[in-house]
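Undergrad: Below: one structure in structure tokens.
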């Protein structure tokens with residue numbers, strides 16, 4: 001045991017105790033190790049995220065916390081253990097904080113970065129110290145989404161959500177994002193690099209990678225240029241999104257907000273699903289909640305206020321796939337949606353038409369699940 005309660009808490013991976021003793025930051029043990037170094041050594045991401053102000057400190061061997069994380073990652077062979085250290089290392093790589101000296105008695109010196117938005121701050125000290133606001137991506141009465149840059153010049157997205165007084169299902173969605181999404185190891189779902197829950201302020205912050213393009217923007221660009229998506233591209237997008245849904249549904253999560261604006265495109269043109277603020281658990285009592293999707297994007301069972309399951313996400317994917325093929329919605333009105341089949345898709349292969357029509361099966365019991373769609377799109 002050391003004489004520093006913060007270091008002891010970090011060494012044993014006790015995140016609650018780390019928060020309770022955060023005033024002891026910059027303490028050192030006999031080897032010059034900080035609390036962050038011990039947290040990283042143990043692969044304790046939950047502790048490390050509170051200790052990032054120590055990220056530039058060096059121990060007596062000249063190692064930083066990132067050096068320790070890299071070493072641990074290199075020597076581990078178990079995939080689950082490696083994932084823990086990789087997560088810690090990614091956290092450290094996006095948080096280049098100005099360093100105090102390596103002296104055990106040093107204290108952090110004041111450091112501020114001017115925001116490009118006059119008077120605008122993220123609203124949490126450690127985030128304001130580490131990131132510059134570039135622009136506001138979206139804003140509502142309860143949330144603000146920022147595009148920010150780290151001090152190393154890398155761009156990220158921070159979503160700030162004030163959850164005091166919001167609807168119960170949205171509180172539940174926050175809980176799902178906090179508990180389950182950081183554990184998902186899949187390239188098709190947006191990665192949560194850091195989650196900070198400021199409970200006294202009833203505010204939560206999600207730090208995520210920044211993507212320059214969305215599928216919605218790509219559709220608009222292609223439509224304006226009169227450049228269609230190829231059958232291969234349509235199938236690839238269906239495969240990517242169904243892969244993301246397959247992962248969510250296997251965890252008992254309904255996305256409920258599958259729209260083109262929530263499908264991000266990486267530099268290789270592959271899809272990453274985001275927009276999880278309205279997700280619900282299959283185990284919850286929310287069987288008839290209205291969908292945040294636009295009226296003509298909603299599944300028939302939602303339009304007529306019937307109970308639904310994860311296959312509402314499949315319908316939403318069908319609407320997107322139809323739009324990729326035709327640059328229009330499959331239905332012109334909700335009445336049309338309820339009473340009539342979608343207009344035939346022209347100029348596409350039979351394989352693509354069959355796949356898209358299966359997604360738009362009005363009978364929820366006949367609509368395929370995400371796994372079936374993923375396999376069909378892969379063939």
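The values are calculated or read from the model by the stated rules, or taken from the named source; none is laboratory data. All values derive from a computational prediction rather than experimental measurement. For neighbour counting, all protein chains shown are included, and Cβ atoms are generated from backbone atoms with ideal geometry for every residue, glycine included.
Undergrad: Which number in (1) outside the structural domain of residue 135 (by the TED database); (2) crowded, with 17+ Cβ neighbours inside 10 Å marks the one condition that residue 205 misses?
TA: (1)
Undergrad: May I pose another question? Quick check on residue 41: is it in contact (Cβ under 8 Å) with a residue 24 or more places away in the chain, touching a strand residue (DSSP E or B) at 6+ places or on another chain (Cβ under 7 Å) and outside the structural domain of residue 151 (by the TED database)?
TA: No: the conditions fail for residue 41.
Undergrad: Which members of the range 317-339 meet the condition of being closer than 26 Å to residue 370 by Cβ, free of Cβ contacts under 8 Å to residues at least 60 places away in the same chain and either in a loop (DSSP other than H, G, I, E, B) or outside the structural domain of residue 233 (by the TED database) (or both)?
TA: 328, 329, 330, 331
Undergrad: Mind counting the residues in the range 357-379 that are in a helix (DSSP H, G or I) and either within 27 Å of the chain's Cα centre (by Cα) or outside the structural domain of residue 249 (by the TED database) (or both)? Spell out how you get there, then give the answer.
TA: Here is the first cut: in the range 357-379, the residues in a helix (DSSP H, G or I) are 357-359, 370-378.
Next, only the ones that are either within 27 Å of the chain's Cα centre (by Cα) or outside the structural domain of residue 249 (by the TED database) (or both) stay: 359, 370-378.
Total satisfying the criteria: 10.
Undergrad: Of all residues in the range 18-45, how many are closer than 16 Å to residue 93 by Cα and not in a loop (DSSP other than H, G, I, E, B)?
TA: 6
Undergrad: Another one. Going by what's in this entry, would residue 62 be described as surrounded by fewer than 17 Cβ atoms within 10 Å (Cβ to Cβ), assigned to a loop (DSSP other than H, G, I, E, B) and more than 29 Å from the chain's Cα centre (by Cα)?
TA: In short, yes.
Undergrad: Something else now. For the range 46-59, how many residues meet the condition of being touching a helix residue (DSSP H, G or I) at 6+ places or on another chain (Cβ under 8 Å) and not in a helix (DSSP H, G or I)?
TA: Of all residues in the range 46-59, those touching a helix residue (DSSP H, G or I) at 6+ places or on another chain (Cβ under 8 Å) come to 46-55, 57, 59.
From what's left, not in a helix (DSSP H, G or I): 49-51, 55, 57, 59.
Adding up the residues that qualify gives 6.
Undergrad: Here is a check on your reading of the model: is residue 189 surrounded by 17 or more Cβ atoms within 10 Å (Cβ to Cβ), touching a helix residue (DSSP H, G or I) at 6+ places or on another chain (Cβ under 9 Å) and under 30 Å from residue 229 (Cα atoms)?
TA: Yes: the conditions hold for residue 189.
Undergrad: A follow-up question, please. Checking residue 353 against (1) more than 17 Å from residue 374 (Cα to Cα); (2) outside any loop (DSSP other than H, G, I, E, B); (3) out of contact with any helix residue (DSSP H, G or I) (no Cβ under 6 Å at 6 or more places or on another chain), which single condition isn't satisfied?
TA: (1)
Undergrad: Checking the structure you have, find out if any residue of the range 160-181 is in a strand (DSSP E or B) and surrounded by fewer than 17 Cβ atoms within 10 Å (Cβ to Cβ).
TA: no
Undergrad: Right, here's the next one. Taking the stated definitions as given, is residue 321 closer than 29 Å to residue 170 by Cβ and surrounded by 14 or more Cβ atoms within 10 Å (Cβ to Cβ)?
TA: So residue 321 fits the description; yes.
Undergrad: Okay, next question. Of all residues in the range 71-81, which are in contact with a helix residue (DSSP H, G or I) (Cβ under 6 Å, 6 or more places away or on another chain) and either under 12 Å from residue 40 (Cα atoms) or modelled with pLDDT of 85 or more (or both)?
TA: 72, 73
Undergrad: Under 29 Å from residue 250 (Cβ atoms) and assigned by the TED database to the domain that holds residue 265, is that true of residue 196? Explain how you work it out, then say what you get.
TA: Values: under 29 Å from residue 250 (Cβ atoms): yes; assigned by the TED database to the domain that holds residue 265: no.
Here the answer is no, as residue 196 does not meet what is asked.
Undergrad: Restricting attention to the range 211-239, which residues are surrounded by fewer than 16 Cβ atoms within 10 Å (Cβ to Cβ) and either assigned to a loop (DSSP other than H, G, I, E, B) or modelled with pLDDT under 90 (or both)?
TA: The answer is 212, 226, 227, 230.
Residue-by-condition table, conditions (1) at pLDDT 90 or above; (2) assigned to a strand (DSSP E or B):
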site	(1), (2)
89	no, no
92	no, no
104	no, no
110	no, no
114	no, no
126	no, no
146	yes, yes
149	yes, yes
191	yes, no
